[in-house]
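For reference, the structure discussed in these notes is given below.
The values are calculated or read from the model by the stated rules, or taken from the named source; none is laboratory data. Computed from a predicted model, the values in this text were never measured in an experiment. Note that we place each Cβ from the backbone using ideal geometry, even for glycine, and neighbour counts take in every protein chain shown. These accessible areas exclude ligands, DNA and RNA; they are computed on the full protein's heavy atoms, side chains included. Shrake-Rupley method; radii C 1.70, N 1.55, O 1.52, S 1.80 Å.
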Amino acid sequence: MDRAQVEAGTVFAWPGDERPMRVLLRDAEVAMYDAWWPHLQTWGLGDLKRTRRKRVSYYVTDVTTLAAKATFLRTEPLTDDETALHRPDLRFSLAQCAEVQWPAEAPDATVRFTEHLRASGCWDALAGSTLNVPEIYLLPFGPDGGTKAGVRVKADTGIAFTARELISKAATIEAPWVRSVVPTQGVGIYRSGLQRGLPAYYLWGNESRLQS
């Protein structure tokens, strides 16, 4: 399968698996996809009304693996309603920084966190970076690395998040779960799927769970 074929709407098959898979979004080297449910004769996320009510996680892989192992079947473009729901235009990852850690809960935790971001140079690197959606869910992780309940956040402008704004909101959400030992290194925000019809992003280290 050619790398150029990996895009939203591409239907492919993994070796040894008869079920078709369908790419929902691709961002650089990451592809997120859905699977066909033979017993229902539909895509797993094909019922959009039902999907909007749930928290769902996309299947995820890297494009190199997909191109090397998968077989291209056909193209089935996302409908307008699917595009509006899944938002394949949104980035997979943002606000990554290896030089800082998520702050523990304290009165000035997020203030000190911002100071650390500035000192590391990551704050400057985030300038101009945005996520063009007015609301998302952020999913913090617990001391054992498990994902916790998502928290709905709104962009200050009501239009889009700056990366600086989003990492600050994420630090506040993650702070109650931080202990003396954390299961990851650095900070970062990554696409996981949907929650109640909104894009959902999980908090983790400077590398995604796919890379870890």
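Only beta bridges with both residues in the chain are counted; by DSSP, about 95 percent of them are antiparallel. Any idea what diffusion coefficient the chain gets from Stokes-Einstein, in µm²/s, Kirkwood Rh on alpha carbon pairs, 37 °C, 0.692 mPa s? After rounding, the answer is 181 µm²/s. Remark: region 67-121 projects, on average over all directions, an area of 7.6 nm² (convex hull of Cα atoms). For region 121-128, backbone phi angles converted through the Karplus equation (6.51, -1.76, 1.60; θ = phi - 60°) give residue-by-residue couplings of x, 5, 4, 5, 5, 7, 4, x Hz, Gly and Pro being listed as x. Listed by chain and number, the aspartates and glutamates whose C-alpha is less than 20 Å from the C-alpha of K154, apart from same-chain residues fewer than 8 away, are D89, E135, E165, E174. Highest mean first, the peptides 51-61, 197-207 sorted by other C-beta atoms within 10 Å per residue fall in the order 197-207, 51-61. Checking the Cα-Cα distances for K49/K69; K148/K169; K54/K148 against a 23 Å cut-off, the pairs over it are K49/K69.
How do 87-95, 36-44, 163-171, 7-15 rank on mean C-beta neighbours within 10 Å, highest first?
Numbers: 87-95: 18.8, 36-44: 12.4, 163-171: 21.7, 7-15: 17.1.
Result, highest mean Cβ count within 10 Å first: 163-171, 87-95, 7-15, 36-44.
Calculated FRET efficiency, A125 to R50, Cβ-Cβ distance, R0 = 41 Å: about 0.55 to the nearest 0.05. Projected label points at Q211 and D62, each 7 Å from Cα along the beta carbon direction, are separated by 1.0 nanometres. Seen against the Cα atoms of the chain and their longest principal axis, helix 109-120 is set at about 80 degrees. Just so you know, the Rg over Rh for region 95-143 is 0.99, from Cα atoms, with Rh as the Kirkwood radius. Peptides 101-109, 152-160 ordered by packing proxy, namely the average of other Cβ atoms within 10 Å per residue, highest first: 101-109, 152-160.
Summary value for the chain: 23 percent relative contact order, contacts being C-alpha pairs under 8 angstrom separated by 6+ residues.
For region 90-202, the convex hull spanned by the alpha carbon atoms encloses 96 Å³ per residue. Atom-type composition of the exposed protein surface of region 42-130 places 49 percent of the accessible area on carbon and sulfur (1.4 angstrom probe).
Probing with 1.4 Å while keeping every protein chain in the model, the per residue accessible area of region 1-158 equals 53 Å².
In percent, what relative contact order does region 1-123 have, based on Cα pairs under 8 Å that are 6 or more apart in sequence?
27 percent
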